[in-house]
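S.K.: I'd like to ask you about the structure that follows.
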Amino acid sequence: MDTLEFNIIVSILLVPINLFCSFWIFKEALNQAGVTFGEALRHFANKPLVGTSRTRLQKNQRRIFHYLAEKAEDPEQIRKLLRWYGISTLPGLAALILAEFGIIIPFANKEQYIFAGNIILAFINIALVVVGKVYRQNHPMEERMAEKLAIKYEREKSKHRGKRIIACTVVGSIFLLFFIVSHLAATQLINHQTTSIQPPSITGNLHFSDVHTALSDKGFETANIATTYWFYDEHKLTNVVAGVKGETTFEFYEYSDGETTDGVYNRISYDIAPELEFDQRAEHETELPGGGKQFAITQNGVYSLVLYQNNTVIYACSSAHPDEIQYILDSLGYLTENTAG
C-alpha cells in the first residue's frame, strides 16, 4: 500500500467517524423531545426515510422535525439543533470528496493535499466531540425529562440490549464496507478503462538493456547515475536506466504494469512546470503515435520532457542538445508507430 492509497482509506474512514462525532447533536434533539433513538427508529419503521433526490431529502428532514417538534416544549430549539446537525456532517462529505479526488483526479503530489485535508478534518471531528461535552455541561437536561428518558432507556435496555448491539454492529459494518467496496470498485473501473485503451506494449521487443545500449552508443555515462523520480509508485518500479552526457539527462522507468504510469507522468509534468494553468499545459502536450502522451517545454534555456507509454515513463532534460533526446526516443520507437510484434 503506497502513501496515496493509505490517505484515501483514511478519508473513507473519516466519513463514519464524522457521523459518530456529530451524532451528539441529533441525540440532543431527541433528548429535547423526550424520545429515545430506538423509539424514533420504531416510529419511522413503517415509512422508512429513503430516497436520494433533493425533494425526498427535504421531505425526510421535515418529517423528522415535525415528529420531534410536536413532542418538544421548544420546537424552535429542535429546529436549531437539526440545522446544526446537518452542518456538522459536512466534514463527512468533505472526506468523501477527498477520497474521490484521490481516486479520480490526476494531480501532482495529491497525496500531500489529501493528507493535509485529513488532518484538518480529524481536528474538526475532535472539536465536535469537545464542543459536545461542553454543551452538555452548560445545558443540563431538566430533571423531569431526564427521569422520563431514564425509564425508557432502562426498559429498552432490558428488552432489546442484545439486539441493539447486534443491529448497531451490523449497520455500522455494512455502512463502512459499502464505502470501502464502492471506492475500490471505482478504482478498478478507472484502472480498467485506462489500460483497456492502450495498444500492445511498446516493450514487446524493448528491454531496459536496449535503453542502456542506446544511451551508451550516444556517449552517455550510465554507471551509478541517480534517477530523479524513482519514488513515484516505487512499489511497481521494476527497472530504471539513467544516463548523463554534459548538460543532458535521460531517465527510463519501467513498471510492473501500465495502470498508473499516466499518474507518474502527470506528477512529473506538474513538477517540471507547476505554474502552468490547465489550458497552457495542454499547449505543450502531444499524443504519441503508439499511445500515451508527451509533455515538453523549454524554460530559462532548459528543455524538459516527460512521456509515458504503456508501462514505461521517460524523463529527460537538456540545456545544450535537446535534439539528442529526440534521437534516442525515435531509436527506441516512442516517436514512431508501435513496432512491437
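The values are calculated or read from the model by the stated rules, or taken from the named source; none is laboratory data. Just so we're clear, the structure is a prediction, and the values are computed from it rather than from any experiment. As a convention, Cβ positions derive from the backbone with ideal geometry for all residues, glycine included, and neighbour counts pool all protein chains shown. These area figures cover heavy atoms from the full protein model, side chains too; ligands, DNA and RNA do not enter into them. Shrake-Rupley method; radii C 1.70, N 1.55, O 1.52, S 1.80 Å.
S.K.: Go through segment 132-153 and give me each residue that's open to solvent by 80 Å² or more (accessible area, probe 1.4 Å) and either among the charged types (D, E, K, R) or touching a Phe, Trp or Tyr at 6+ places or on another chain (Cβ under 9 Å) (or both).
M.R.: Matches in segment 132-153: LYS133, ARG136, GLU142, GLU143, ARG144, GLU147, LYS148.
S.K.: Check HIS321 against each of (1) within 19 Å of ILE105 (Cα to Cα); (2) surrounded by 14 or more Cβ atoms within 10 Å (Cβ to Cβ) and name the one condition it does not meet.
M.R.: (1)
S.K.: Let me ask another. Could you list, ordered by first residue, the pairs with Cβ atoms under 7 Å in which the first is in segment 56-72 and in a helix (DSSP H, G or I) and the second is at pLDDT 65 or above and small (Gly, Ala, Ser), at least 6 apart or interchain?
M.R.: LEU68/ALA29; LEU68/ALA33
S.K.: Still on this structure: Return the residues of segment 274-292 that are within 22 Å of ASN310 (Cβ to Cβ) and either assigned to a loop (DSSP other than H, G, I, E, B) or more than 26 Å from the chain's Cα centre (by Cα) (or both); say none if nothing qualifies.
M.R.: Listed by number, the residues that qualify are HIS284, THR286, GLU287, LEU288, PRO289, GLY290, GLY291, GLY292.
S.K.: Another question, then. State whether the residues of segment 232-249 include one that is more than 21 Å from ILE104 (Cα to Cα) and aromatic (Phe, Trp, Tyr).
M.R.: No, segment 232-249 contains no residue that is more than 21 Å from ILE104 (Cα to Cα) and aromatic (Phe, Trp, Tyr).
S.K.: Every residue in segment 258-273 that is over 21 Å from the mean Cα position of the chain (by Cα) and either surrounded by fewer than 20 Cβ atoms within 10 Å (Cβ to Cβ) or not β-branched (Val, Ile, Thr) (or both), please.
M.R.: ALA273
S.K.: Is it fair to say LEU30 is at pLDDT 75 or above and within 26 Å of the chain's Cα centre (by Cα)?
M.R.: Values: at pLDDT 75 or above: yes; within 26 Å of the chain's Cα centre (by Cα): no.
It is false that LEU30 is at pLDDT 75 or above and within 26 Å of the chain's Cα centre (by Cα).
Each row is one residue, and each column tells you yes or no for (1) farther than 16 Å from ASN266 by Cβ; (2) open to solvent by 30 Å² or more (accessible area, probe 1.4 Å); (3) out of contact with any helix residue (DSSP H, G or I) (no Cβ under 6 Å at 6 or more places or on another chain); (4) in a helix (DSSP H, G or I).
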| residue | (1), (2), (3), (4) |
| --- | --- |
| LEU307 | no, no, yes, no |
| ALA316 | yes, no, no, no |
| ILE325 | yes, no, yes, yes |
| SER331 | yes, yes, no, yes |
| TYR334 | yes, no, yes, no |
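S.K.: Just one of (1) in contact with a Leu (Cβ under 9 Å, 6 or more places away or on another chain); (2) of a type in the set (A, V, I, L, M); (3) at pLDDT below 70 trips up ILE166, so point out which.
M.R.: Here ILE166 clears every test but (1).
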